[in-house]
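Student: Structure incoming, see below.
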Amino acid sequence: MSILVTGVAGFIGSNFVYYYLRKHKDKKIIGLDKLTYAGNLDNLSKLNEEEKNRFTFIKGDINDIELLEKIYKENEIEGIINFAAESHVDRSIHDPQIFLKTNILGTQTLLHVFKKYYDERKRQKFLQISTDEVYGALGPTGYFTEKTPLDPHSPYSASKASADLIVKAYHDTYGLNTNITRCSNNYGPYQFPEKLIPLMINNALNHKELPVYGDGKQIRDWLYVEDHCKAIELVFEKGRSGEVYNIGGHNEKENIEIVKIIIEYLQEKTKGEKINEGLIKHVKDRLGHDRRYAIDPTKIKEELGWEPETKFEEGIKRTIDWYLENKEWMEKVITGEYLEFYRRNYGS
Ligand code: NAD
Ligand code: TYD
């Protein structure tokens, strides 16, 4: 028996593979990934020999029905966890269509094959990894609960909300055993440097400007990636069929606060005088920028006993230390494609 995990070469997918294979010595994972600009096999290079024996990597697209059928015919699949997605809001503003192809049609293609091989006696699980961004933006108070109406604003969040509705339709119509998780912003090792935290770490280490959108007072609710992986494991194993679970750590921070924390810790670690707040540059705001996200995680806590374990002060140091110890990883992902996107998004 194997779990089919998609998007394994990305940030959260790769962290999940390490977490799950280390925790469950009897489990196997088949990892499917298209290896887009965000997918990187180096992210999985720390698996040991024993773990490698329980992990099979397949390069491919979640839209490829024939490939998915082949995987199902050749393996006994006990469930699917779908991490595969186009995941960056700024890219979705420049080029929305690929977000619809991968995030919506790709999810539907996976569900189509999942349904074809579904066994009512085994009730295999389909877990869709979604995001709190489907709820839109909050004012200064309040939290997203599972009952908050969907109100996405960016092409990225609209595509994720659409995928969630397709998953719900497959549950409601065909009675499949599905769950959806909606997590807040993650941080940790292996995150691609287009996202706030690794971008700021990389730029600061290179004494480059730190581009803060608008006034920098937008708020995100940050969760250490391993805590997210633990929540996913619980929902995959014990989530009630058809339910949505919000995941978040009650750790709200303004973007500018995050940038200053990174500067302060990097100054301390590198004794680098050139890393200072003078590098901060307020740039043109993101179009349709959501002001505040914050999760109410009561349901997953009460039903499944999940609670975040990593305090932000500790998790952010662990994350920055990882980037300091893995400078080669960063150098390898800063490709021509990355620089081209950077120019397009931030100007010269
Ligand atoms: P990521 O961009 O780092 O990784 C995405 C992975 O999916 C990459 O390896 C990429 O190659 C792969 N992929 C893209 N299109 C594919 C396709 N058509 N077929 C197969 N593979 C494909 O993203 P991430 O940050 O690891 O996010 C993973 C999931 O978690 C996404 O669904 C995202 O919406 C969700 N999520 C992310 C966060 C966050 O803070 N990063 C928070 C909540 C939810
Ligand atoms: P990001 O990491 O892209 O995640 P998301 O948009 O999914 O929340 O951005 C986190 C926050 O940081 C968001 O409010 C946008 C802001 N941001 C900047 O101010 N500058 C940047 O260069 C980036 C990438 C993000």
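Student: Given the chain, what whole percent of its Cα pairs are spread farther than 35 Å?
Tutor: Values: 11497 of 60378 pairs.
Value for the chain (Cα pairs over 35 Å): 19 percent.
Student: Leaving out ligands, DNA and RNA, and with a 1.4 Å probe, what % of the accessible surface on the chain is carbon or sulfur?
Tutor: Numbers: 7660 of 15470 Å².
C and S atoms contribute 50 percent here.
Student: From the residues 173, 241, 154, which one has its Cα farthest along the dipole of region 143-268 in the positive direction, the dipole being from +1 and -1 charges on Cβ of Lys/Arg and Asp/Glu about the Cα centre?
Tutor: The residue sitting most towards the positive pole is 173.
Student: Going by average Cβ density within 10 Å per residue, which order do the peptides 137-150, 52-65 take, highest to lowest? Each step should come with its number before you reach the end.
Tutor: Numbers: 137-150: 13.6, 52-65: 16.7.
Ranked by mean Cβ neighbours within 10 Å, highest first: 52-65, 137-150.
Student: Sticking with this one: Under the 0.36 nm per residue contour assumption, what length would be gained going from the current alpha-carbon distance of residue 150 and residue 58 to full extension?
Tutor: Working: separation 92, 0.36 × 92 = 33.12 nm, distance 3.35 nm.
Value of the extension gain: 29.8 nm.
Student: Ok, one more. Please state the charge dipole magnitude for region 265-348, taken about the Cα centre, from unit charges on C-beta atoms (+1 on K and R, -1 on D and E), reported in debye and rounded to the nearest 20. Don't skip to the answer; put the middle values down first.
Tutor: Numbers: 17 positive and 18 negative charges, 100 e Å.
About 480 debye.
Student: How high is the FRET efficiency from residue 325 to residue 285, r the C-beta distance, R0 30 Å, rounded to 0.05? The partial results should precede the final answer.
Tutor: On the way: r = 34 Å, r/R0 = 1.12.
Efficiency for this residue pair is about 0.35.
Student: Moving to a separate point now. With +1 assigned to the C-beta of every Lys and Arg and -1 to the C-beta of every Asp and Glu, and no other charges, what is the dipole magnitude of the chain about the Cα centre in debye, to the nearest 20?
Tutor: The dipole magnitude comes to about 280 debye.
Student: Still on this structure, I have one more. Over 21 Å between C-alpha atoms is what I'm after, so list which of 195/299; 73/116; 125/160 land there.
Tutor: Details: 195/299 28 Å; 73/116 11 Å; 125/160 19 Å.
Exceeds cut-off: 195/299.
Student: While we're here: Sorting check: for 174-184, 112-122, 298-308, which peptide has the highest mean count of neighbouring beta carbons within 10 Å, and how do the rest follow?
Tutor: On the way: 174-184: 21.9, 112-122: 13.5, 298-308: 16.1.
Output ranking for 174-184, 112-122, 298-308: 174-184, 298-308, 112-122.
Student: Toward the positive end of the charge dipole of region 1-91, about the Cα centre and with charges on Cβ (Lys, Arg +1; Asp, Glu -1), which of 63, 83, 47 goes farthest?
Tutor: 47
Student: Can you tell me the alpha carbon radius of gyration of region 183-284 divided by the globular rule-of-thumb value 2.2 N^0.38 Å? Walk me through the intermediate numbers first.
Tutor: On the way: Rg = 16.3 Å, N = 102, 2.2 N^0.38 = 12.8 Å.
Relative to the 2.2 N^0.38 Å estimate, region 183-284 comes out at 1.28.
Student: Pairs to check: 260/284; 46/274; 208/332; 34/260; 52/311; 147/230. Give those whose C-alpha atoms are more than 25 Å from each other in this structure.
Tutor: Check vs 25 Å cut-off fails for 46/274; 34/260; 52/311.
Student: Where does the chain land at 222 nm, in deg cm²/dmol rounded to the nearest 500, when only DSSP H runs of n ≥ 4 count, each adding -39500 (n - 2.57), divided by all residues? Let's see the in-between values first.
Tutor: Details: 13 runs with 143 residues, N = 348.
The helix contribution divided over the chain gives -12500 deg cm²/dmol.
Student: Right, another one. If the chain between residue 240 and residue 173 were fully stretched, how many nm would it gain, using 0.36 nm times the residue separation less the Cα-Cα distance?
Tutor: Numbers: separation 67, 0.36 × 67 = 24.12 nm, distance 1.67 nm.
That works out to 22.4 nm of additional length.
Student: Just to confirm, what accessible area per residue do you get for the chain at 1.4 Å probe, in whole Å²? If you can, show how the numbers build up before the last one.
Tutor: Working: 15470 Å² over 348 residues.
I get 44 Å² per residue for the chain.
Student: Grab the beta carbon distance between residue 45 and residue 298, set R0 = 45 Å, and tell me the FRET efficiency rounded to 0.05.
Tutor: Working: r = 38 Å, r/R0 = 0.85.
The computed FRET efficiency comes out at 0.75.
Student: Can you tell me how much longer the chain between residue 277 and residue 340 gets when fully stretched, taken as 0.36 nm per residue apart minus their C-alpha distance, in nm with one decimal? Provide the component values of the computation, followed by the final result.
Tutor: Values: separation 63, 0.36 × 63 = 22.68 nm, distance 2.61 nm.
Result for the pair: 20.1 nm of gain on full extension.
Student: Still on this structure, please answer the following. What is the helix-to-structure angle for 255-270, meaning the angle in degrees between its Cα long axis and the longest Cα principal axis of the chain, kept from 0 to 90 and rounded to the nearest 10?
Tutor: So the helix axis and the longest Cα principal axis differ by about 70 degrees.
Student: Based on the Cβ-Cβ distance from residue 123 to residue 65, what FRET efficiency comes out when R0 is 25 Å, to the nearest 0.05? The partial results should precede the final answer.
Tutor: Values: r = 23 Å, r/R0 = 0.91.
Once the sixth-power term is evaluated, E becomes 0.65.
Student: Roughly how big is region 116-235's charge dipole about its Cα centre, with Cβ charges of +1 (Lys, Arg) and -1 (Asp, Glu), in debye to the nearest 20?
Tutor: Numbers: 14 positive and 15 negative charges, 68 e Å.
With only Lys, Arg, Asp and Glu charged at Cβ, the dipole is about 320 debye.
The values are calculated or read from the model by the stated rules, or taken from the named source; none is laboratory data. Keep in mind the model is a prediction, meaning the values are calculated, not measured. For neighbour counting, all protein chains shown are included, and Cβ atoms are generated from backbone atoms with ideal geometry for every residue, glycine included. Side chains included, ligands, DNA and RNA excluded: accessible areas come from the protein's heavy atoms. Shrake-Rupley method; radii C 1.70, N 1.55, O 1.52, S 1.80 Å.
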